[in-house]
1. Within the range 231-251, take every residue that is in a loop (DSSP other than H, G, I, E, B) and in contact with a Leu (Cβ under 8 Å, 6 or more places away or on another chain) and give me the one that is farthest from M168 (Cα to Cα).
2. Any residue at all in the range 20-40 that's of a type in the set (A, V, I, L, M), in contact with a Pro (Cβ under 9 Å, 6 or more places away or on another chain) and either within 21 Å of V192 (Cβ to Cβ) or open to solvent by 20 Å² or more (accessible area, probe 1.4 Å) (or both)?
3. Please list, ordered by first then second residue, the pairs with beta carbon atoms under 6 Å, 6 or more apart or interchain, first in the range 202-224 and in contact (Cβ under 8 Å) with a residue 24 or more places away in the chain and under 17 Å from T9 (Cα atoms), second among the hydrophobic types (A, V, I, L, M, F, W, C) and assigned to a helix (DSSP H, G or I).
4. Have a look at A106, A95 and point out the one that is within 21 Å of the chain's Cα centre (by Cα) and of a type outside the set (V, I, T).
5. So, in the range 66-91, of the ones that are assigned to a loop (DSSP other than H, G, I, E, B) and open to solvent by 70 Å² or more (accessible area, probe 1.4 Å), which residue ends up nearest to D197 (Cα to Cα)?
6. I'd like to check something: does the range 191-198 contain any residue that is within 12 Å of the ligand (Cβ to nearest atom) and not basic (K, R)?
7. Within 14 Å of the ligand (Cβ to nearest atom) and among the charged types (D, E, K, R) - does that describe any residue in the range 216-225?
8. If you check S94, S178, which single one turns out to be more than 16 Å from the ligand (Cβ to nearest atom), touching an Asp or Glu at 6+ places or on another chain (Cβ under 9 Å) and not in a helix (DSSP H, G or I)?
Amino acid sequence: MNHKTAFITGATSGIGKATAQLFAKNNIRLVLCGRRGDRLEQLKDELSQVTQVTTLKFEVSNREAVFNAIASLPDEFKKIDILINNAGNAHGLSAIQDGDMDDWDAMIDINVKGLLYVSRAILPQMVERNDGFVVNIGSIAGKEVYPNGNVYCASKYAVNALNKAMRMDLNQHNIRVSAIHPGAVETEFSEVRFKGDKEKAKNVYKGFKALQPEDIADIIYFVVTRPYHVNIEDLIVYPTAQASATILNRE
Ligand code: 8X3
């Protein structure tokens, strides 16, 4: 894997950050993408000790910003070998009739359109080279709908569909496409979902050992380091205490 370049969206926290840290340790060059400039720079400082790193600050949901940012990459980072479509979030958790339409827009714009824009900007160079790897971070919410999950689940069902669609369309171009669908991972996820309500967020992970971002990073690294003829299509990963989107064995 030496000297491959990975492009990671949502790299400033959670699964994206843990993946960046693990990739760096394994000599993968990094394009770290996020909205929060200070966090991007901090992570760049940390990881530059071990690998080559550049950062791009943009919102995945802003089509023009996506294309401008990617076009601005320094030459040595322009060739992207591995795209990790990780940026995504849940905004709100409420019955469909009470849904906040700004939350709906945010989830569709970031989780679906953002993934599409970034992919659209990077895939042509992979097609041209007949080589590349895309890892889409889905969710158990993209396999199973749960009460009040409505639009978040719909956005992750879309990721699931796009993962399959990408694999079909890119098959003749030797590009591998994989999806990882985590259950409960302890990140900023619930804090964002509950709009900064730390108490509510803490309760989500209470009474069981949730997955940690590093657990998913390990799996992503495993997936992208299989021999060339091996493509892991789709993985659902739960903490041991979880049996479905809604069944959790809490103490
Ligand atoms: C995160 C998992 O079950 O909270 O995508 O939707 S869940």
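1. Out of the qualifying residues, it is A241.
2. So far as the range 20-40 goes, no, none of its residues is of a type in the set (A, V, I, L, M), in contact with a Pro (Cβ under 9 Å, 6 or more places away or on another chain) and either within 21 Å of V192 (Cβ to Cβ) or open to solvent by 20 Å² or more (accessible area, probe 1.4 Å) (or both).
3. P213/I15; P213/A18; E214/A18; I216/I15; A217/A18; A217/L22; Y221/L22
4. After applying the criteria, what remains is A106.
5. Among those residues, the one meeting the criterion is S72.
6. yes
7. Scanning the range 216-225 turns up no residue that is within 14 Å of the ligand (Cβ to nearest atom) and among the charged types (D, E, K, R).
8. S178
The values are calculated or read from the model by the stated rules, or taken from the named source; none is laboratory data. Nothing here was measured: the structure is a model prediction, and the numbers come from that model. Positions of Cβ are generated from backbone atoms using ideal geometry, with glycine treated the same way; all protein chains shown enter the neighbour counts. The accessibility values were calculated without ligands, DNA or RNA, using every heavy atom of the protein model including side chains. Shrake-Rupley method; radii C 1.70, N 1.55, O 1.52, S 1.80 Å.
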